[in-house]
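The values are calculated or read from the model by the stated rules, or taken from the named source; none is laboratory data. Computed from a predicted structure; not experimentally measured. Counting neighbours? That spans all protein chains shown, and the Cβs are built from the backbone with ideal geometry, glycine included.
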Amino acid sequence: MSPDAKLANELLAEVFERYIPTYPTCPPFRGDGSPTTLAQVCSRWRSVAHGTPALWRAVKLDLIKDIALGMTRQTRLDIAQTWLERSYPLPLSIVFRCPTNRTLILAEAFAMLLSYSSHWQYANIMVPAALPVQMQAKGERRDMPMLVGINVDVRSNDTEPHLGLLHVPALQTFIGQLTDDSYYLKMITSDVWRNLTTLKLRDIALADAAPILSQTQALVKLWLDIWNPATARMPAICLPNLETMILEGGSEDDEASVLINALTLPALRCLGFPDDFISVFAPGATVTYVQGLLRLVTTLGCGGSLTKLAMSDCYSSRVLLMDDILAALPSVRRLYLKRDEWPLAVEDLWDSKTVLEQCR
């Protein structure tokens, strides 16, 4: 008698769950760490595996390439659908990657995944370039009661409405890159923005970011990748719970000034931004770099709470100012000034290893 024959099916299922990556990370369709591998060992293992929904609840459908791991797009799509059928009724973790060209199978794959959206808990999705008319949401409400985190990536014009208007009462984390930034406020209602704790918006103008930030009073983590043109006005915004903020993108003087002067962040502990932002607060030769940095931090209202500070694209000479910066900001315990330290700083300030941040 084989050792596993002594195990009850429930215990064997628990062993199987330890074999695959920890949810919400998605296991591969084949090979090590795949539940498919378990199901190929023997008839009993296949029966137990197929009857254990937790093994199939995290699905990564990558259709970037025509052929991947010896599988066609249609084969990968069929496998994904089989896994989702076996996962019922558990919440799901979904990752969907696709090229931006107009291919029917991409639209079919997206529509198939959307048919399970009421069970999405984590979703990291690219929206295909075009959907047939019968597959389009046309602005209809899409109920996602289990969704707590979503990363939406739209690379083609006018495809945002394919998702519909999201009813996501449990949403905590939103990451987005749209072609029409005004659609953010249509996609998600104000009561959801008010309850978000993590927000990352890529390639967004301040004019579109401002009305969103005005509603996100519960935010703990914020990442903005901003671009020109700058907005001439931005309302005063206090984010009393924000602990981490990373700024990237455009660093025009007016843009930086409008953004920094509008924000009050009394609880901020971790801050990263382009080195050029400091020039707004240290103009000409009348104010030193360190004084400009201190003015920036003081304007944000976080001089006493800041513990980690990072600047991107710093001149090499900035390292010589490290002692002066630490003396001016005594609460700072970790300071990143070298150009090659920015990726390390971002990893330290912001967890980029979650399923919502994969494949970027």
Matching residues, segment 205-223, being crowded, with 20+ Cβ neighbours inside 10 Å and aliphatic (A, V, I, L, M): LEU206, ALA209, ILE212, LEU213, LEU219, LEU222
For SER43, state whether it is more than 23 Å from LEU90 (Cβ to Cβ) and either among the β-branched types (Val, Ile, Thr) or out of contact with any helix residue (DSSP H, G or I) (no Cβ under 8 Å at 6 or more places or on another chain) (or both). yes
List pairs: first in segment 230-247 and more than 14 Å from ILE260 (Cα to Cα) and of a type in the set (Val, Ile, Thr), second at pLDDT 95 or above and not in a loop (DSSP other than H, G, I, E, B), Cβ under 6 Å, 6+ apart or cross-chain? THR244/LYS221; THR244/CYS270
When residues of segment 90-104 are filtered for being among the hydrophobic types (A, V, I, L, M, F, W, C), over 20 Å from ALA68 (Cβ atoms) and part of a loop (DSSP other than H, G, I, E, B), how many remain? 1
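Residue-by-condition table, conditions (1) among the hydrophobic types (A, V, I, L, M, F, W, C); (2) free of Cβ contacts under 8 Å to residues at least 12 places away in the same chain; (3) touching a helix residue (DSSP H, G or I) at 6+ places or on another chain (Cβ under 8 Å):
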position	(1), (2), (3)
ALA107	yes, no, yes
TYR122	no, no, yes
GLU140	no, no, no
ASP158	no, no, no
MET187	yes, no, yes
Output the residues belonging to segment 11-66 that are in contact with a strand residue (DSSP E or B) (Cβ under 6 Å, 6 or more places away or on another chain) and either acidic (Asp, Glu) or free of Cβ contacts under 8 Å to residues at least 12 places away in the same chain (or both). ASP62
One residue from ARG295, ARG333, ARG269 being surrounded by 15 or more Cβ atoms within 10 Å (Cβ to Cβ) and in contact with a strand residue (DSSP E or B) (Cβ under 9 Å, 6 or more places away or on another chain): ARG269
THR231 being modelled with pLDDT under 95, in a loop (DSSP other than H, G, I, E, B) and of a type outside the set (Lys, Arg): yes
Any residue that is closer than 21 Å to CYS238 by Cβ, within 23 Å of the chain's Cα centre (by Cα) and either among the charged types (D, E, K, R) or modelled with pLDDT under 95 (or both) - is there at least one of those in segment 273-289? yes
Log entry, pairs with first residue in segment 69-97 being surrounded by fewer than 18 Cβ atoms within 10 Å (Cβ to Cβ), second being acidic (Asp, Glu), beta carbons closer than 8 Å, six or more apart or on different chains, reads THR72/ASP66; ARG97/ASP62
Within segment 69-106, residues among the small types (Gly, Ala, Ser) and in contact with a Cys (Cβ under 9 Å, 6 or more places away or on another chain) come out as SER93
